[in-house]
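Input: a single structure, listed below in structure tokens.
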Amino acid sequence: INDNSPEPLLKTKPSNLGIGYYANKNESYALFQYRPLFLDLYDIQYNDLQESQTNTLTFDLLINEEKLKLNKFDILNIKSLPLQTNYYNPISWTVYTGFNRENIKENLVFNNQIGIGRTLGINYATRVSFLLNAGSDNLNYYLKPDLLFNFFTSSNSKVGILSSYKQYNGEYFYQNNLYLSYKYKDYLLTSEYIYDNSENKNKYLISLKYNF
């Protein structure tokens with residue numbers, strides 16, 4: 001029997017510290033990231049039975065000559081995306097509470113969200129998740145379908161696409177993310193492009209994280 005699971009010491013370490021560059025159509029910033037524990041979907045989880053995300057007290061900070069801005073602060077951010085098979089039919093689910101700017105005006109809002117769905121494996125390297133979420137931004141309630149696509153280009157790199165659509169009462173917000181992650185030893189290089197219908201529309205970021 002061949003065991004293709006990664007060596008325990010080669011798996012992603014639970015904490016990381018990152019620096020990088022963030023830009024939208026009007027501004028650019030230095031990016032500072034910190035995750036005290038666990039893992040997220042940017043990490044390489046190749047050959048795992050399921051992809052997952054568990055963030056607590058994680059934040060992204062944006063800094064330039066004029067301002068210091070909190071881009072997001074995850075109090076609790078959990079995604080469980082187990083693969084559905086012929087013999088195993090699990091539910092994918094997500095729970096989120098924290099502060100972020102995922103809205104048309106890019107204001108920092110208090111966001112709470114729960115959702116359920118399914119995750120399918122197209123082949124050994126490709127996974128697709130469908131989630132239906134319900135949540136609120138500062139008590140502005142919405143429904144939000146998510147489509148998440150992950151393709152492992154190797155055992156230490158992957159490409160991800162996340163598409164989401166928030167439907168509020170009388171307005172909507174959509175967001176499309178394309179990201180690439182590459183792991184080398186304890187370092188994770190991530191580049192991401194975000195397109196949405198916010199005031200700044202196109203956003204770009206690149207970061208280098210050290211896992212410890």
If S157 satisfies all but one of (1) farther than 30 Å from N26 by Cβ; (2) open to solvent by 70 Å² or more (accessible area, probe 1.4 Å); (3) touching a residue at least 12 places away in the same chain (Cβ under 8 Å); (4) not acidic (D, E), what's the number of the condition it fails?
(2)
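Residue-wise test of (1) under 19 Å from N71 (Cβ atoms); (2) acidic (D, E); (3) modelled with pLDDT under 95.
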{"site": "F110", "(1), (2), (3)": "yes, no, no"}
{"site": "Y165", "(1), (2), (3)": "no, no, no"}
{"site": "G170", "(1), (2), (3)": "no, no, yes"}
{"site": "I194", "(1), (2), (3)": "yes, no, no"}
Within the range 114-126, the count of residues that are open to solvent by less than 20 Å² (accessible area, probe 1.4 Å) and either at pLDDT below 95 or in contact with a His (Cβ under 9 Å, 6 or more places away or on another chain) (or both) comes to 2
Search result, residues across the range 87-122 that are over 13 Å from S136 (Cβ atoms) and in a loop (DSSP other than H, G, I, E, B):
Y87, Y88, N89, P90, I91, R101, I104, K105, E106, N107, L108
Scan the range 83-97 and give yes if some residue there is open to solvent by 20 Å² or more (accessible area, probe 1.4 Å) and either more than 30 Å from Y124 (Cβ to Cβ) or small (G, A, S) (or both), otherwise no.
yes
Does any residue of the range 177-189 turn out to be closer than 19 Å to G115 by Cβ and within 12 Å of the chain's Cα centre (by Cα)?
yes
Quick check on the range 35-49. Is at least one of its residues in a strand (DSSP E or B) and hydroxyl-bearing (S, T, Y)?
no
Selection from the range 120-162 of residues that are under 22 Å from N86 (Cβ atoms), of a type in the set (S, T, N, Q) and out of contact with any Lys or Arg (no Cβ under 6 Å at 6 or more places or on another chain)
N123, T126, S129
Subset of the range 137-154, residues open to solvent by less than 20 Å² (accessible area, probe 1.4 Å) and farther than 27 Å from I122 by Cα, comes to D137, Y142
Do the conditions hold for N100, that is, is it open to solvent by less than 30 Å² (accessible area, probe 1.4 Å), modelled with pLDDT of 95 or more, in contact with a Gly (Cβ under 7 Å, 6 or more places away or on another chain) and under 30 Å from S28 (Cβ atoms)?
no
Tell me, please, whether a residue that is surrounded by 14 or more Cβ atoms within 10 Å (Cβ to Cβ), over 14 Å from the mean Cα position of the chain (by Cα), of a type in the set (D, E, K, R) and assigned to a strand (DSSP E or B) can be found in the range 51-59.
no
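The values are calculated or read from the model by the stated rules, or taken from the named source; none is laboratory data. Everything numeric here is computed off the predicted structure, so don't read it as measured data. So basically every Cβ, Gly included, is an ideal-geometry build from the backbone, and we count neighbours across all protein chains shown. Surface areas here come from the heavy atoms of the whole protein model, side chains and all, with no ligands, DNA or RNA. Shrake-Rupley method; radii C 1.70, N 1.55, O 1.52, S 1.80 Å.
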